[in-house]
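Please read the structure below before turning to the comments.
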Amino acid sequence: QIMLVDYTDIKNLKTTTIESAKFLHDGGWDASGRYFMVAANASNKVAAVDTKTGKLAALVDTAKIPHPGRGANFVHPQFGPVWSTGHLGDAVVSLISTPSDDAKFSKYKANNWKVVQELKMPGAGNL
């Protein structure tokens, strides 16, 4: 489970519990700052939490044991905005397409919340 905490009123905290995949580990923000991406590394998934709506936006299947640290965001020339994660014990970096409110990225919408590319690395690991 993921617990989202609204600290707007520090004396009256509001929490939202979101169902997710098992064994959440670490993660970071997408480029928009709206979605928090967190690895469920023993489930081989990345959970995307929409912090605006307080709901799970997606649960993305990845290669085994995603381990992103905070991940990395960039604009891919073929797939638009992506968030990336390396994997423990697997020589790959997965690129996950992320949504954007910027109209220039609207043509990539069909790819959102999918692994759009896996970059092969010279060796396994990601620490």
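For the chain, a Gaussian network of Cα nodes joined below 10 Å ranks D102, D26, D90 by mean-square fluctuation, and the top entry is D102.
What full-extension length gain, to one decimal in nm, is calculated for D101 and D6 as 0.36 nm per residue of separation minus the Cα-Cα distance?
Working it through step by step, the gained length comes to 31.9 nm.
From the residues A103, V5, V93, which one has its Cα farthest along the dipole of the chain in the positive direction, the dipole being from +1 and -1 charges on Cβ of Lys/Arg and Asp/Glu about the Cα centre? In the chain, that residue is A103. When a/c reaches 1.5 or more, the comparison of a/b and b/c decides; with that in mind, is the range 76-127 rounded, prolate or oblate per its Cα gyration tensor? Taking the square roots of the gyration eigenvalues as a ≥ b ≥ c, the range 76-127 is prolate. Rounded to the nearest whole Hz, the Karplus-based 3J(HN,Hα) values (6.51 cos²θ - 1.76 cosθ + 1.60, θ = phi - 60°) of the range 13-19 follow the sequence 5, 10, 10, 10, 9, 10, 5, with x at glycine and proline. Please say if the range 1-40 is rounded, prolate or oblate, where rounded means a/c under 1.5 for a ≥ b ≥ c the square roots of the C-alpha gyration tensor eigenvalues, and otherwise the choice is prolate for a/b larger than b/c and oblate otherwise? Oblate. What is the list of residues in the range 49-69 whose amide nitrogen lies under 17 Å from a point 7 angstrom out from the Cα of T15, following Cα to Cβ? What the label zone holds, given the 17 Å backbone N cut-off, is 54-55.
Kindly flag which residue pairs out of K45/K104; K22/K120; K45/K120; K64/K109 have an alpha-carbon separation exceeding 20 Å in this structure. Pairs exceeding 20 Å: K45/K104; K22/K120; K64/K109.
Using only C-alpha atoms and all pairs of different ones, pull out the Kirkwood radius for the range 2-120 in Å with one decimal.
It is 14.6 Å.
Read the figures in this text as sums done on the coordinates, not as results from a lab. Treat the numbers as computed from the prediction; the structure is a model and nothing was measured. Virtual Cβ from ideal backbone geometry, glycine too; neighbours counted across all protein chains shown.
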